[in-house]
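The block underneath contains the structure these notes are about, expressed in structure tokens.
The values are calculated or read from the model by the stated rules, or taken from the named source; none is laboratory data. In this text the structure is predicted, and so the values were computed from the model without any measurement. We place every Cβ from the backbone using ideal geometry, glycine too, and count neighbours over all the protein chains shown. Areas reflect the complete protein model, heavy atoms only, side chains present, ligands, DNA and RNA absent. Shrake-Rupley method; radii C 1.70, N 1.55, O 1.52, S 1.80 Å.
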Amino acid sequence: MSDEFVIEARGLAKQYGPHVAVDGIDLQVRAGEVIGLLGPNGAGKTTTILMLLGLTEATRGSILILGKDPLRRPLEVKRDVGYLPDSVGFYETMTGRENLTYMARLAAIPRGVVGERINSVLASVHLLEVADRPVATYSRGMRQRLGIAELLMRQCRIAILDEPTSGLDPQSTQELLDLIQKLSRGGMTILLSSHMLDVVQTVCHRIALFNKGRIGFFGTIEELAAKIGGGTYVIDVEAEGIDLSALAATVDGVKNVMAVNGHWQCEAVRDVRPQLAQRIVAAGGALRNLDLRRARLDEAYGRYFREVHQ
Amino acid sequence: MMVREGSPFRGVGVIALKEAADHLTSARMHLIMGLVLLTAIGAVYGAIGRIKDTTAEDAYLFLKLFTVAREPLPSFAAFLGFLLPLVAIALGFDAINGEYNRRTMSRLLAQPIYRDAVLFGKFLGALLVIAIALLTLWLLMTGLGILFLGLPPTAADVVRSLAYLAATLACAGVWLALAIAFSAVIRSPATSALAALSVWLILTVFWGMIAPLLAGLIAPIDPLDPSTVLAQFEAQQSIARLSPQTLYAEITAILLDPAARSVGPLFMSQLQGSLYGAPLPTMESALIVWPQLSALVAAMILLFTVAYVAFQRQEVRA
Ligand SMILES: Nc1ncnc2c1ncn2[C@@H]1O[C@H](COP(=O)(O)OP(=O)(O)OP(=O)(O)O)[C@@H](O)[C@H]1O
Ligand SMILES: [Mg+2]
């Protein structure tokens with residue numbers, strides 16, 4: 001991951017008359033990151049996405065996408081950004097392939113490569129067999145996958161997906177997640193809004209929690225869990241030949257060590273795995289396992305919103 | 001003022017061709033073109049009958065195909081003037097709001113094109129279809145003329161009828177721009193169609209009654225001052241010309257009738273040095289209707305601007 005931000009929003013706000021939909025948010029995303037946008041209905045996720053794409057005008061604030069202002073240089077920005085709206089629509093009487101071809105022409109994908117590329121993306125979303133049927137005959141999941149096919153076809157540097165998994169069955173959801181991870185491995189930066197927390201947990205590096213038009217939290221799920229749990233990281237340690245309770249007390253940041261069914265559970269204010277490992281090995285212990293307990297997003301999310309609502 | 005990079009027209013061709021293809025295969029278009037074709041054939045058939053009955057020798061026999069009517073059928077030109085706005089409205093009433101309703105607008109605008117391209121593309125696509133339809137009609141008329149009257153059109157006939165065709169296209173452009181403007185301002189296609197049809201009804205059917213009423217209010221006639229009669233007539237004519245149908249009717253009258261020389265009251269000065277009833281050269285007829293033609297184009301641009309301004313700042317949430 002490079003340090004330059006590919007998406008950079010500052011003080012972004014959107015007002016509909018007296019109603020404030022987005023209230024001065026900051027968002028910085030590095031190249032290659034997968035960011036989850038979370039939050040209750042009406043929290044301002046879609047509105048933020050629309051502003052990033054230049055599909056609605058921000059009331060205040062500034063946006064830079066790959067260093068460019070989407071309102072001033074829309075074509076350059078749009079060339080690099082693919083978008084899958086929350087309710088994706090197609091031209092119903094045209095076939096899946098025709099729909100893609102139309103968008104490919106508008107995106108100025110060279111004619112020579114269009115046909116081949118469309119075939120390969122249709123194959124990767126498992127739509128090749130139905131490619132020549134009108135979209136009117138497609139199921140919801142097939143439409144969603146056709147939308148993903150368009151993103152693949154565009155070969156953008158950034159993809160913004162608004163609730164891509166809504167209405168998908170578990171298997172399609174898994175396939176979609178695989179596709180997203182494939183895109184991410186290919187170096188694409190992805191912004192993903194979703195209400196399915198397990199989806200977000202699987203694919204996202206960092207999450208932004210939207211609440212009433214603001215971003216209440218922006219960071220990794222572990223950071224969120226630590227913040228909510230009073231800043232506690234839980235590390236499970238299996239080691240032989242040492243007494244961890246004595247040893248760990250000398251590590252800066254460790255708050256508490258407990259022995260639980262044959263292993264130790266170590267609570268710390270930060271991720272102290274490197275220091276623990278060093279001490280255990282230095283003390284001649286045999287380190288068998290050192291595991292930062294994965295925070296569960298659904299738990300953290302629930303606790304976060306219980307807290308802010310108090 | 002923002003400086004924009006890239007051409008605002010990139011993508012126009014792609015969108016226009018897709019729209020044209022959509023229209024040419026749509027049931028809506030087939031229906032209305034079927035209607036136009038039927039009436040056209042009926043009108044021309046009537047005209048041929050009357051021309052055979054009455055006219056023996058005429059330099060502009062071909063043009064008479066367009067203008068001669070046999071009761072109870074109106075002439076081809078009258079039919080076309082009446083139906084043309086309907087064709088344009090049918091092609092344009094859901095241009096913009098249709099994309100919202102299909103929820104394709106956000107994906108369309110997420111492509112590297114400006115919104116201008118969508119608007120221009122939709123307009124040009126529909127205009128292309130109308131142009132194709134008009135040309136087809138024209139060829140049909142020519143064919144029927146040759147078949148039944150037994151003589152090909154003269155060069156002047158061809159030039160005049162093609163000029164008439166161009167004016168017809170300009171008039172269609174006005175109605176198309178109106179329909180697209182409504183489709184940009186109103187979110188429901190049914191409502192925007194109704195709005196455009198209401199304007200059509202007012203400007204085509206009722207305007208002939210409204211114009212004299214308004215003129216009477218604006219320029220009342222003073223029985224002691226004969227100049228007020230002319231003033232009221234002029235006021236009425238100006239008001240009538242606010243309707244594109246009036247302008248179009250005037251253009252038609254001049255272009256299709258070489259003997260016609262004025263669209264307003266005829267003054268002696270205009271007749272000086274001319275033989276009354278003698279045909280005008282084609283260029284002179286064209287000069288007479290130049291202001292009307294410009295007005296049609298101006299109206300088209302104005303309506304297009306309205307659509308543009310409405311569409312440009314719209315939030316695209318679908
Ligand atoms: N055109 C509009 N006019 C007025 N208010 C609007 C408009 N569009 C959205 N809003 C309001 O803006 C707020 C944010 O909406 P937004 O669609 O961004 O929420 P969201 O986080 O995407 O929600 P969801 O999870 O339901 O998709 C909501 O309160 C909504 O009512
Ligand atoms: Mg939303």
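Just tell me which aspartates and glutamates come within less than 17 Å, Cα to Cα, of B:LYS64; anything on the same chain fewer than 8 places away is out.
Straight-distance partners of B:LYS64: B:ASP53, B:ASP157, B:GLU250, B:ASP257.
Can you tell me, using C-alpha contacts under 8 Å and at least 6 residues apart, the relative contact order of chain B as a whole percent?
The normalised contact order for chain B reaches 23 percent.
Within chain B, what's the longest run with no GluC sites (Glu not before Pro) in a DSSP loop and at most 11 other beta-carbon atoms within 10 Å? Give the range, please.
Working: sites that count: B:GLU5, B:GLU57.
After excluding every exposed loop site, the longest remaining stretch is B:58-318.
Longest span of chain A, sites excluded, free of GluC sites (Glu not before Pro) in DSSP loop with at most 14 other C-beta atoms within 10 Å? Before the final figure, lay out the partial values.
On the way: sites that count: A:GLU4, A:GLU57, A:GLU92.
That gives A:93-310 as the longest site-free run.
Just to make sure I understand: if all protein chains stay in place, what is the order of A:MET51, B:MET283 by accessible area at 1.4 Å, largest first? The partial results should precede the final answer.
Details: A:MET51 5, B:MET283 135 Å².
Of A:MET51, B:MET283, the descending order of accessible area is B:MET283, A:MET51.
Segment B:197-238 to segment B:6-42: how many Å between their Cα centroids?
37 Å
Compute the separation of the alpha-carbon centres of segment A:2-59 and segment A:267-288 and state it in Å as a whole number.
40 Å
According to a simple spin-label model (label point 7 Å from Cα along Cα-to-Cβ), what is the distance in nm between A:ARG303 and B:GLU71?
9.4 nm
Within a 10 angstrom radius of each residue's Cβ in B:289-300, how many Cβ atoms of other chains show up on average? Whole number is fine.
Details: counts 0, 0, 0, 0, 0, 0, 0, 0, 0, 0, 0, 0.
So the per-residue partner count for this stretch is 0.
Do any of A:LYS14/A:LYS45; A:LYS68/A:LYS212; A:LYS14/A:LYS212; A:LYS68/A:LYS227 go past 22 Å between their Cα atoms, and which?
Details: A:LYS14/A:LYS45 11 Å; A:LYS68/A:LYS212 28 Å; A:LYS14/A:LYS212 12 Å; A:LYS68/A:LYS227 34 Å.
Over 22 Å apart, Cα to Cα: A:LYS68/A:LYS212; A:LYS68/A:LYS227.
Other chains' Cβ within 10 Å of A:52-64 residues: what's the mean? Working shown, then result.
Working: counts 0, 4, 3, 9, 5, 3, 0, 0, 0, 0, 0, 0, 0.
The mean count of partner-chain Cβ atoms within 10 Å per residue comes to 2.
As a test, work out the antiparallel percent of DSSP beta bridges whose residues both lie in chain A, rounded to the nearest 5. Don't skip to the end; give the middle numbers.
Working: 38 of 55 bridges.
Among the beta bridges of chain A, antiparallel pairing accounts for roughly 70 percent.
Can you give the relative contact order of segment A:230-297 as a percent, counting alpha carbon pairs under 8 Å and 6+ residues apart?
RCO, segment A:230-297: 45 percent.
By how many degrees, between 0 and 90 and to the nearest 10, does the Cα long axis of helix B:282-312 differ from the longest principal axis of chain B?
Taking Cα atoms only, the helix is inclined about 20 degrees.
On C-alpha positions alone, give me the angle between the axis of helix B:244-256 and the longest principal axis of chain B, in degrees, nearest 10.
Between the helix axis and the principal axis of chain B, the angle is about 50 degrees.
For a paramagnetic label modelled at 7 Å from the Cα of A:ALA283 toward its Cβ, which residues of segment A:222-251 fall within the zone defined by backbone nitrogen distances under 19 Å?
A:234-251
Longest exposed-loop-site-free stretch of chain B, with trypsin sites (Lys or Arg not before Pro), DSSP loop and at most 14 other Cβ within 10 Å? Walk me through the numbers on the way to the answer.
On the way: sites that count: B:ARG4, B:ARG187, B:ARG313.
Longest run free of exposed loop sites: B:5-186.
What angle do you read, to the nearest 10 degrees and between 0 and 90, between the alpha-carbon axis of helix B:27-54 and the longest principal axis of chain B?
Tilt of helix B:27-54: around 10 degrees.
Tell me which DSSP H helices of chain A clear both cut-offs, 15 Å or more of axial length from alpha-carbon atoms and a mean Kyte-Doolittle hydropathy of at least 0.0. Intermediate results must be reported in sequence, preceding the final value.
Working: long enough: A:96-106 (16 Å, -0.65); A:111-124 (20 Å, 0.31); A:140-154 (22 Å, -0.29); A:170-185 (22 Å, -0.63); A:297-309 (18 Å, -1.01).
Flagged H segments are A:111-124.
Ordered by residue, what ³J(HN,Hα) values in Hz, to whole numbers, does segment B:225-231 give under the Karplus form 6.51 cos²θ - 1.76 cosθ + 1.60, where θ = phi - 60° and Gly and Pro are x?
Residue by residue, segment B:225-231 yields 10, x, 5, 5, 5, 5, 4 Hz.
With a 1.4 Å probe on protein heavy atoms only, work out how much accessible surface A and B bury together, total over both chains, in Å² to the nearest 100. Before the final figure, lay out the partial values.
Working: alone 15220 and 16240 Å², together 28490 Å².
The buried area between A and B, both sides summed, comes to about 3000 Å².
What accessible area per residue, rounded to a whole number of Å², is obtained for the protein assembly as shown using a probe radius of 1.4 Å?
On the way: 28490 Å² over 628 residues.
Roughly 45 Å² per residue, with all protein chains present.
Express as a percent, rounded to the nearest 5, the fraction of DSSP beta bridges in the protein assembly as shown (both residues included) that run antiparallel.
Working: 38 of 55 bridges.
Here the antiparallel bridges make up roughly 70 percent for the protein assembly as shown.
Pairs of alpha-carbon atoms within less than 8 angstrom and 6+ residues apart define the contacts here; what relative contact order does segment A:7-54 have, in percent? Each step should come with its number before you reach the end.
Numbers: 50 pairs, mean separation 15.1, N = 48.
In percent, rounded to a whole number, it is 32.
For B:LYS18, give me every one of the lysines with a C-alpha distance below 27 angstrom, ignoring sequence neighbours fewer than eight places off in its own chain.
Excluding near neighbours in sequence, the set is A:LYS78, B:LYS122.
Please list B:219-231, B:298-310 highest first by mean number of surrounding beta-carbon atoms within 10 Å per residue.
Numbers: B:219-231: 12.2, B:298-310: 17.2.
So the order, starting with the most tightly packed, is B:298-310, B:219-231.
Taking amide hydrogens as modeled 1.01 Å from N in the peptide plane, which residues meet the under 5 Å criterion relative to A:LYS255, leaving out close sequence neighbours?
Amide H neighbours of A:LYS255, under 5 Å, 5+ apart: A:GLU267, A:ALA268, A:VAL269.
Just give the residues from segment A:85-104 buried by at least 20 square angstrom of accessible area in the all-chains context relative to the isolated chain, probe 1.4 Å, and say none if nothing qualifies.
Buried on complex formation: A:PRO85, A:SER87, A:GLY89, A:PHE90, A:TYR91, A:MET94, A:TYR102, A:MET103.
Got a number for carbon plus sulfur as a percent of the protein assembly as shown's accessible area, 1.4 Å probe?
Values: 17400 of 28490 Å².
Answer for the protein assembly as shown: carbon and sulfur cover 61 percent of the accessible area.
Roughly how crowded by other chains is peptide B:108-121, in terms of the mean Cβ count from those chains within 10 Å of each of its Cβ atoms? Each step should come with its number before you reach the end.
Numbers: counts 5, 7, 16, 14, 12, 6, 3, 1, 0, 1, 1, 0, 0, 1.
The mean count of partner-chain Cβ atoms within 10 Å per residue comes to 5.
Quick one: if the Förster radius is 30 Å, what FRET efficiency do B:LEU139 and A:VAL113 give, using the C-beta to C-beta distance and rounding to 0.05? Show your work: numbers first, answer last.
Values: r = 40 Å, r/R0 = 1.35.
About 0.15, to the nearest 0.05.
In whole angstrom, note down how far apart the Cα centers of segment A:214-234 and segment A:146-195 are.
Going from one Cα centre to the other spans 25 Å.
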